[in-house]
Amino acid sequence: MTRSLTFAIPKGRILDEALPLLAKAGIEPEAEFHDKKSRALRFATNRPDVSIIRVRAFDVATFVAHGAAQIGIVGSDVVEEFNYSELYAPVDLDIGHCRLSVAEPVDAADEDQAAMSHVRVATKYPHLTRRYYEARGLQAECVKLNGAMELAPSLGLSRRIVDLVSSGATLKANGLVETDIIMQISARLIVNRAAYKMRSAELTPLIDAFRAAVGVKDAA
Ligand code: PRP
């Protein structure tokens, strides 16, 4: 008997958009998944061969890269930040659209960057942040935070932040302005490369089902 496939999906914003797509691809989690009081982390689905785990976005990539989950959904920001060679990202799911941006306090945004060689940045994305500044000849000292980056400038932790921006409301509420867009982001279907080779009879139809589900969404 083969083990069931473990499908990792992220808590948070992508989840609401991911569930209809999962349903179109033929996967519906058991009722307990929707019970906000439940402390369960692993759930059965309508398919006996597929179970779902619900974890933080960065952990989706870690579970799938290590083969603990074979397939998952995560933002392209996370895929790029980790740059795991074990991850294959075959489908752009066209959900979870946002951008990774640099932001600064309104009154500091027009300071001359040309005079600097070093910047201090609060971010959840140290790899992408260093890469962005390196390409501009600047060394970035990253202060790693896991959330609420927008607090860093007003409390003197760093003048700049690099974070996700969707509506821009969080920046505005915290007196910050977006000064550059590093990358546009959308959610991706990710697959563990080794599992893709070893279990392609199970994974290929599932990947195809997501491709078709995205197409159906486009046609709607
Ligand atoms: C994200 C991001 C920003 C905010 C941007 O955080 O880190 O804080 O959303 O969205 P906006 O431009 O629409 O205001 P999220 O609320 O997902 O929580 P997190 O800090 O746990 O990632």
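The values are calculated or read from the model by the stated rules, or taken from the named source; none is laboratory data. Predicted model only: the values in this text are computed from it and were never measured. Counting neighbours? That spans all protein chains shown, and the Cβs are built from the backbone with ideal geometry, glycine included. Protein only, heavy atoms only, side chains kept; ligands, DNA and RNA dropped before computing areas. Shrake-Rupley method; radii C 1.70, N 1.55, O 1.52, S 1.80 Å.
Quick one: plug the Kirkwood hydrodynamic radius of segment 1-138 (C-alpha pairs) into Stokes-Einstein at 4 °C, 1.567 mPa s, and report D in µm²/s. Result for D is 75 µm²/s. Along segment 42-48 the Karplus relation, 6.51 cos²θ - 1.76 cosθ + 1.60 evaluated at θ = phi - 60°, assigns HN-Hα couplings of 10, 9, 6, 10, 5, 9, x Hz to successive residues, with x for each Gly and Pro. For segment 98-184, the relative contact order works out to 48 percent when only alpha carbon pairs closer than 8 Å and six or more residues apart are counted. Put a plus charge on the Cβ of each Lys and Arg, a minus charge on the Cβ of each Asp and Glu, and nothing anywhere else: the dipole of segment 1-149 about its Cα centre is then about 660 debye. Between the alpha-carbon centres of segment 135-178 and segment 14-45 there is a gap of 32 Å. Amide H contacts under 5 Å for residue 94: 187, restricted to partners 5 or more places along the chain or on a different chain, H placed in the peptide plane at 1.01 Å from N. Applying 0.36 nm per residue to the separation of residue 167 and residue 49 and subtracting their alpha-carbon distance, the gain on full extension is 38.7 nm.
A full extension of the chain between residue 15 and residue 85 corresponds to an added length of 22.7 nm, given 0.36 nm per residue minus the alpha carbon distance.
With all protein chains in place and a 1.4 Å probe, the accessible surface of segment 98-184 carries 49 percent carbon and sulfur.
Among residues other than residue 133 with Cβ under 11 Å from its Cβ, the summed charge is +2 (Lys and Arg +1, Asp and Glu -1).
Give the total of Lys-Lys pairs in the chain with Cα-Cα distances below 15 Å; include a pair only if its members are 8 or more places apart or on different chains. If you can, show how the numbers build up before the last one.
Working: 11/36; 11/37; 24/217; 124/144.
Final tally of qualifying lysine pairs is 4.
Summarising the amide proton neighbourhood of residue 55: residues at separation of 5 or more, or on other chains, whose placed amide H is nearer than 5 Å comprise 9, 11. Residue farthest toward the positive end of the dipole of segment 98-184, with Cβ of Lys/Arg at +1 and Asp/Glu at -1: which of 176, 128, 158? My answer, from the dipole projection, is 128.
Evaluating 6.51 cos²θ - 1.76 cosθ + 1.60 at θ = phi - 60° for every residue in segment 183-188, the Karplus couplings come out as 7, 7, 10, 8, 6, 10 Hz, glycine and proline recorded as x. If you line up the long axis of helix 13-24 against the longest principal axis of the chain, both from Cα atoms, how many degrees apart are they, to the nearest 10? Relative to the chain, helix 13-24 is tipped by roughly 30 degrees. Computed from Cα atoms alone, the Kirkwood hydrodynamic radius reported for segment 78-216 is 16.9 Å.
Look at the alpha carbon pairs under 8 Å that are at least 6 residues apart: their mean separation over the length of the chain gives a relative contact order of 27 percent. For segment 98-184, the share of DSSP beta bridges that are antiparallel, to the nearest 5, is 55%.
Run lengths n ≥ 4 of DSSP H only: what is the helix-derived mean residue ellipticity at 222 nm for the chain, with -39500 (n - 2.57) per run over all residues, to the nearest 500?
On the way: 7 runs with 68 residues, N = 220.
Rounded to the nearest 500, the figure is -9000 deg cm²/dmol.
Which one of 45, 98, 213 has its Cα pushed farthest toward the positive end of the charge dipole of the chain, where Lys and Arg give +1 and Asp and Glu give -1 at the Cβ? It is 45, whose Cα lies furthest towards the positive end.
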